[in-house]
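Some notes on the structure that comes next.
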Amino acid sequence: MGARSKVFEDKSVCAVVFMVWAIGCQFPKDINTKERIRALRQRSVQFYQCAKMQLDKERSQIDRLATLQAKLLMTIYLLTTSSVKAAWDLFAVVKNIANSLDLNRRRPIADSLHLEVRRRALWAIYTLDSYMCTMLGKTLTWSDSDVTDDFPSLADDGRLVVDALGRLVDSAPEGDGGPSLMEAPRAHAKLAKIVRSALRRLYGDNVGDNVGETMTELSAAVDAWENELPEFLRSRKGAPGLQMVYARQNNVIQLAHAHAQLIIFRPSLPLSHLTGGVSEASRANGAGSLSGHQSACLAAALRASHLVPRRGLTGAFWFSAYIAFCAATVCYVYVVQNPHDHRREEVLDAAARCGDLEHTLAGDGENRMARRYAGALEGLEGVVRSRLRDIEKAERERERVKIETESVPVGVGVGAGIGGGQNGAPAFVPEYSAYPPQPNPQQQYAPPPPQQQMQEYAYAATQPAPVPTPVPVPVPFPDGFDADLFSAAGGMEDAGVTFQNFQGLDATVSGGYLFGWPGGPVY
C-alpha cells in the first residue's frame, strides 16, 4: 500500500485516473434512460474538473510523460463533448510536450516498460493528429521522416513482463488469452500513415498532374494494409461472435478503412459541380479511370453509411459523426456528377440515413458538432435536389427542341406553307423581329435562306446543352446567424459560405465559428 499511495501522490497520475473515469462515463455500457445518460454526463464533467485541478497543482516545470498522457486524454474528452476548438488548442500543448520529450525519435532507453509507454503515447498522438488535421484542414505536425521510433508491441497491459535480459515480452502462452487489444491501435496507426500521405499528395498546394496514378497507388497501399489485419479486424460483416471490446475495435477499424478510401478518392468528385455542371473533361473521361475512382469513392461512402452503429449511440461518438458526414457529402456530389446512375435513389437514401444519424447524435442540441453536420447536410440536400431538377428541366427542353426540329425535313423552306415559291421563284419569307436591325434603316434586312436556317437549327439541336462554369457550392447559414462574422472566412455567395473542395467543407463545418462556422464550441 505504501508504494501505491506514493504513486497516487503524483498529481499527473491522479489526473490520468480521473480522465479515464471521465471518458468511461461518456461511453456507458448500458443506456437505460435519458436521466441515466444525463447523470453520467454530469459525473464525467466532475471527473474532468478534478483532473484539471490535479494538473494545476503540479508544480514541476519539467515536461513529464504522465502530464502528456493526462492532457491527451483531456483532448479526447473534449472531442466527445464536441468542444472542437478547445480540443485543438489543448492538443497543440500535447504535441509541444511530445516534441519536448522527443517521443518521435528512437532513443536508447534501458527501461523497456518506459520505452513501451513512450511508443504508445507517440502513436496515439500521431493517429489523433492525422484525424484532427484532416477534419479541420490543418497542417500535419510531423512528416514521416521525423518519426523514427517503432510501433508499440502487441502485448496487452496485464500481460507485459520484463524478462531476464530486460526485454518486454508477452506473458500469455501462445494461442491463449484471445487477440491482443493492441492489434487495433497499431493497425490504426499504420493506416494513419497512408491517410497523411494522401493529405500531402492530393490536398496540398503542390498537387501533381498524375492525380489518378496517385489515387491508384494509395488505394493499393490501403489494400495491402487490409490484408495484414488479423481476422477479427478484417471482417466487413461485423463481429457478432466477438466480445464487445473486440467488436467495437472491428467497427472503428472498418470506419477508418472507409474513411481512408474516401480521402483518397474524393478528388475525383469536384465539389463545385453542385452548382455548376459536369465538365466536358469529366464527360470525356467518364468511361475511364475517373469513373472508376468515382465508383470506388461511392462504394466507400455507402459502406460507411452502413457501418455506423445505430444502437447505443450517444453524442460522444465524434468519430462516427465525422465519417458519416464525409460519406453523405460524397453521396450528394456523386449524384449530381452522375444524375443518370441506376443507383441514384440508393445513394440518396444512404445520404439521408447519414443525416438522420447526425440528428440522433445531436440529440437535444447538446452535441454542437453533430448539429452543425446535420444542418449542413440539410442545406446540401436542398442544393442537390434543386440541381437535379435543373438538369432534368434542361434535358426535357433539349428533347423538345430536338423533336420539333426533326419534324421539319432539312431542305424544306419555312415559307413553303406560307406561299412557297413556284417554278423556282423564291419563297416568301416574313421579316422576323428577332433579327437585329442594320445600321442603314433604308436598307431592308434579308434573313438567311430558309434551307440554311433549318440546317443551322438541326445542327444546334444535335449539340450538347451549354455547360455553365462550375462555381463554389454555397451552404446556407442557420437561422439567425450574423453573416458578417464570416466575411473573412473564405468568400460569401447568396448568404452562404462557398467551398472549393471537400476539405474546406469538412474543416468549416467540423470546427465551429472559430474555424469558420456558426454555433461553434464553448470553452
Could you list which residues have their amide H under 5 Å from that of Val161, counting only those 5 or more apart in sequence or on another chain, with H placed in the peptide plane?
-> Val169, Ser171
Summed over the other residues with a beta carbon less than 9 angstrom from that of Cys25, with K and R at +1 and D and E at -1, the charge totals +2
Treating cross-link reach as a plain straight distance, find the lysines whose alpha-carbon is under 20 Å from the alpha-carbon of Lys402, omitting any fewer than eight places away in the same chain.
-> Lys393
In the neighborhood of Ile403, defined by Cβ-to-Cβ distances under 14 Å, what is the net charge if each Lys or Arg adds +1 and each Asp or Glu adds -1?
-> -1
Proximal charge balance of Pro179 [Cβ under 10 Å; K/R count +1, D/E count -1] = -3
Pair-distance profile P(r), taking every C-alpha pair of the range 6-142, with 10 angstrom steps and integer % = 12, 38, 35, 14, 2, 0
Taking Cα centroids, how far is the range 349-379 from the range 62-76 in Å?
-> 32 Å
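The numbers here are math on the coordinates, done by the rules we state, and not lab data. Please read all numbers here as calculations on a predicted model, not as lab measurements. Neighbour counts are summed over all protein chains in view; Cβ atoms, including those assigned to glycine, are modelled from backbone coordinates with ideal geometry.
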